[in-house]
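S.K.: Here it is, the structure in full.
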Amino acid sequence: VALSRVVVALAMVVQGPGTQLAGATFALALGLYARTCYRTPAGGDSAEFVVVAALFPRALAHPPGYPLLTALSALAVSLAPDAEQAAFAANLLSAVLGACTAAVVQLAASELLALASPSAPRFRGLAAGLAAALWAAHPTVWLYSLQAEVFALNNFLVSLLIWLFLLLLRPEAPRLPLACAGALTIGLALCNQHTSVLFSAPLVLGVLVIDGLGKRSLWNAKSFLALVLCGLVGLLPYAYLPFAQRRPHLFTWPSEAGTLSGFFDTVLRKDYGTLQLQATQRWERLLLKDSGFDSITDVDAARAQNLTSVSSGSPSASLDAWGRRLLANGRHFVASCTPWDASPTHALLVGPGACLGVLWGLWACYWSCCRPRRRFSHVGGSIADGDCSSSAEKLDGCNEAPVLASAAIVTLWLALVTYLLVMCSLANFESVDGVMGGVMERFWMQPLLVLALLQALGVQKLLEVIVPKGIVGWLLLEPLAGAAAVAAVAGAVWHLWEAMDHSEDTVVADFYGCALRAMPANATLLVKGDTPTNVLRYWQAVRGLRPDVLLLAAPLLSPRLRDLVRDAVHEEYGVHLPRGGALKYFLSGNASEGGLVGYSAAARASSPQVGGALRPKRPLVLWGHYGSLGPRSSAAWPLPGFGLWPVLGPARLVLTDGTAAKLDGLIWAQRQLQQLGRCPTRLRSAVARSGGWTRLAEHSWEKHVASSYWSTAENFVVHGIQSAVGGLSTSQTATGVTDDASLRAAAALGDRLIRLAPEVSPNLARTLGLAHHMQNDTEKWLHLWGTYVSAPVPQQEANMQSRLRRVVCDELRKQAASALALRVVRAAPALPGVCAAV
C-alpha cells in the first residue's frame, strides 16, 4: 500500500516543467551510448561484474558485494543471445542507466529553475536541456556509461535522490510519499556504492530542516517509522551476500559473508577501509608478507616509514599531510570537471555556468533574508509586496521562490562540500597520475551532478539578462540562443567522438585472451592484479576458453581467505593450498620435477584414480609483478631450487633448476616471441581500431594493457640476451649454437622490437646496448646507451645510468668530428647537454 502511494505521488508531481524534454534526452543519450558502447569487457572491474552476473547466484563481487548491480547485470546477461554477447549486454545496462541519469538531470534542473523563477519560464527548457546534454557528453560520464561498472547505477540513484529532494520543495507536493521514495532510493544507493551517503546525509538534513520550518508533516513517529522501513527495504539486496556463499564458485570474491561478523566486514569494506578507494597499506603489506609473493623493497619500506611518521608524528605534520592530500585531490577534481584538453566546451560552460548559479544563489539568500519580502501567489500568478512574519508562512504561506531556491542551493552546496572534503581526505591514492588518475576521476561524477544543476541555473539567469523581451528577442535572439546551445553540445560530442567510441575497442579482451590461449596445457595460473584476474576469469567462466587451466587469485594464499576454497581446489584439481600460506610452501607442497602435481577436472572425471599416483604434472605460472622477488642469485631468494622463465603476458613459468638447465634460454625466447606473434595481429589491429597508440589516454586501461604487451615482448628479448651472454643457460654447446651466433640472434630480436615498439623501456635500451657493445657495433650501442643516459629512469637505475653516462660521453668526444656522432646526437638531442654536465 505504501509503495502504491509512492507511485501515485510520483505520477502526480512528475507532470511538471521539463517532463516533455526528458524523454527526448533519454532517447538521444541512449542512442549515443549504445553506438559507442564496449562490445567486450573494459579494464578495471568491468570484467568482474560480467563474471559474477554470469555465475549468479554463486559469486560475489569485491566488497561490499554490489548485490543490486549483480542482480541487474545477471538479468541483462540472461537476455544475451549467446556467451559472446554477455559482456555487451552487461555494458548496455550501464548505457541504459546513463541515459536514465541524463533524463533525471533534465527533470531536476527544470525543477530547480521552476523554484528559482516560478513566474518566468523563459529559457527554462533550454538551460535544463543544455545541462543534461553536457552532463551526458562529459568524457568521464560518457566513458562509464559504456561499460559494466557501478558508477552508472550510482549516478542514476543519486540524481534520482536529488530530483526527489527538489520535488519535496514544491508547496503542494505530498511530502511523506516523496520522502518514502527518497528513503527507498537511499537504501538502494547504499547497496551499490557507499559514497552516496555523503550526498544522502546533507539532503536528509535539508529536508528535515525545511519541513520543520514549514508544515512539519515528517516530524512525527508515524512518518519516521515509514521512512525507516522504506530505507530498510532498500537495503534488502544485501541479503544476497550470505545466500551466494552457500555454494560459492571458485571465481567468487572470498568473503566470509555467511557469518554475521563476516557479513558486516564485507558490507563495510573492512579490508579496503570504509570509504577508502584501495586496500589500506597495513592490510596490503600483511597480505603480501604472509603470502610470500614480494619481498618488502626499499620503496615499500620508505612508504611505510613515511606513513608511520605521518601517523605518529606531531599534529601539525598530520595536518600538513592532510592539507597536501586535500589540495592535490581538489586540483584533480577541478581539472576533471572542466577538462580543457579533452573538451573545451565543458571547460567553458560547466565551470563558469556553475559559478553564475552560485552567485545567483548567494543573491537569493540575501534577497530572501535581508530585503523586504515579495509575496508570490501561485493562484493568481502575480507578485505583490508584503511581509511574512513566521517561519511557517515564509515557506508555506508566502511561497517565496527565492527562499525555496536558496534553501535548495544551500542544501546542494552542503552536499557538494561534504562530499569533496570527505573524499579528498579519504582518497588514499599516493598519486593521481596515470591509471590511478583515471580511477579517481570516476568519483568526481557524483559532485558533477550538483555542478550541472547550478550550471543550468547560471545559464538561465545569464540568458534572461542578455536576451531582451519583446519581438526582437522572441523572433531572433531566443532561436539564436537555442541554436548556439545545440551547436555547443554537437561540438562537444564531435570533439570527443574519436576518444569515446569504444565500439571496436577490444584491446583488453584480446590481450588476455591471447595470453590465456598460450598458457601451457593443464597449467596452474597464479594471478596478481584486478584487471588480469577479472578478464582471465571472463574468458574462462563466460567464454569457456581453456578450462584445463586452473586460475587462482593470489589472495587465496592468504590464510584468512584460503580456507574458503582449499578443499574444493584440492578435490577438483589435486592442487594443495598449504596452511602456511607462503608461496614457497605452496611450491613445496605441490612441486615435482617439471611442474606442479595435480590434475585437470576432465582427467578427474575420466579416471577415478588420478587422485593417487597417476596424477599428471601441472606447470605453475605466476602472473603479475614478481620482479621484486629479486635476482635469482640473491641469498634472499624465496624460491630455493626454482627459477622464473618468461611466458606470454607479464607472467613467469616456475621451473625447477634441473628442468631449467635442460633448456636453452635464447631458443625459449624465440619460441615465446613466435607465440606472441600470433596474438599481436589481433592486438595491434585492436589498438589501430581504437585510434592508435597515441590516442590511448595515459590513464586508460587500454594504454596500460597495450604497454603490458610491449613490455612482455621486451622481457623475452632481455631473457634471450641474458641467455646469450651466459646468464641463464648452459646448453648452447649441446644445441649447436655458438656464443657469437646466439648473441647476434638475441641482438637481432632486440633490433626488430626497437623498430616495432612505440616506446622503449630503459631496461631494454641498457640490455640491448650491452649486446651491441659486446659485438663492437659502436653506432648501435652508442645510440641505445645515449638514449638511456638522456632519459629519466627509475631510482634503481640511477647508479647504472651514471656509470654508462661516462662511457657514452667519453666515446662521443672521441667521435666528435664524425658523421656517426652527428647521427647519434640527432637521435638523442639531449645527449650533448648531458655530456656537458659530466
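The values are calculated or read from the model by the stated rules, or taken from the named source; none is laboratory data. Values in this document were obtained by computation on a predicted structure and should not be read as measured data. Cβ placement follows ideal geometry from the backbone for every residue including glycine, while neighbour counts extend to all protein chains displayed. Ligands, DNA and RNA are excluded from the accessible area calculation, which covers all protein heavy atoms including side chains. Shrake-Rupley method; radii C 1.70, N 1.55, O 1.52, S 1.80 Å.
S.K.: Just to confirm a number: summing +1 for Lys and Arg and -1 for Asp and Glu over residues other than Asn155 whose beta-carbon lies under 15 angstrom from that of Asn155, what do you get?
M.R.: -1
S.K.: Find the accessible area per residue for the stretch 746-838; the probe is 1.4 Å, ligands and nucleic acids are left out, and the unit is Å².
M.R.: On a per-residue basis, the stretch 746-838 sits at 55 Å².
S.K.: Here's a follow-up. According to a simple spin-label model (label point 7 Å from Cα along Cα-to-Cβ), what is the distance in nm between Gln85 and Glu464?
M.R.: Placing both labels 7 Å along Cα→Cβ, they lie 4.9 nm apart.
S.K.: Report the calculated FRET efficiency for Ser818 and Arg678 (r = Cβ-Cβ distance, R0 = 35 Å), to the nearest 0.05.
M.R.: Efficiency at R0 = 35 Å is approximately 0.25.
S.K.: How much length, in nm to one decimal, is gained on full extension between Arg247 and Ala484, taken as 0.36 nm per residue of separation minus their Cα-Cα distance?
M.R.: Contour length minus the Cα-Cα distance gives 79.5 nm.
S.K.: If you don't mind, there's one more thing I want to ask. Estimate the FRET efficiency between Met800 and Gln670 by the formula 1/(1 + (r/R0)^6), using the beta-carbon distance for r and 30 Å for R0, to the nearest 0.05.
M.R.: It comes out at approximately 0.65.
S.K.: Another question, if that's okay. How charged is the neighbourhood of Asn763? Take every other residue with its Cβ under 11 Å from the Cβ of Asn763, and add Lys/Arg as +1 and Asp/Glu as -1.
M.R.: Around Asn763, the surrounding residues sum to -1.
S.K.: For Met774 paired with Ser425, estimate the spin-label separation in nm (one decimal), with each label point 7 Å from Cα along the Cα-to-Cβ line.
M.R.: 5.8 nm
S.K.: With contacts defined as alpha carbon pairs under 8 Å and 6 or more residues apart, what's the relative contact order of the stretch 33-151 in percent?
M.R.: Contact order relative to length: 36 percent.
S.K.: Between Gln20 and Arg755, how many nm apart are label points set 7 Å from Cα along the C-beta direction?
M.R.: 6.6 nm
S.K.: Here is a follow-up. Over the Cα atoms of the stretch 97-152, each weighted equally, I'd like the Debye log10 I(q)/I(0) at q = 0.19, 0.24 Å⁻¹, rounded to two decimals.
M.R.: Rounded to two decimals, the profile gives -0.64, -0.85.
S.K.: Mind putting a number on the dipole of the stretch 161-254 about its Cα centre? Charges go on the C-beta only, +1 for Lys and Arg and -1 for Asp and Glu, and I need it in Debye to the nearest 20.
M.R.: Value, rounded to 20: 180 debye.
S.K.: Which value, in Å² rounded to 10, gives the accessible area of Asp530 with a 1.4 Å probe and all protein chains present?
M.R.: Asp530 has an accessible surface of roughly 100 Å² with all protein chains in place.
S.K.: Would you pull out the residues with amide H under 5 Å of Ala553's amide H, same chain only if 5 or more places away, H placed 1.01 Å from N?
M.R.: Amide H neighbours of Ala553, under 5 Å, 5+ apart: Val527.
S.K.: Could you give the accessible area per residue of the stretch 96-176, probe 1.4 Å, as a whole number in Å²?
M.R.: It amounts to 17 Å² per residue over the stretch 96-176.
S.K.: Give the residue list of GluC sites (Glu not before Pro) in the stretch 754-838 that are DSSP loop and have at most 13 other beta-carbon atoms within 10 angstrom.
M.R.: Taking the stretch 754-838 and a limit of 13 other Cβ atoms within 10 Å, the loop GluC sites (Glu not before Pro) found are Glu759.
S.K.: Something else about it: For the stretch 71-178, take N as its residue count and report Rg(C-alpha) divided by 2.2 N^0.38 Å.
M.R.: Output field value: 1.28.
S.K.: To continue, here is another question. State the percentage of accessible surface on the stretch 116-259 attributable to carbon and sulfur atoms; use a 1.4 Å probe and exclude ligands, DNA and RNA.
M.R.: Roughly 75 percent of what the probe reaches on the stretch 116-259 is carbon or sulfur.
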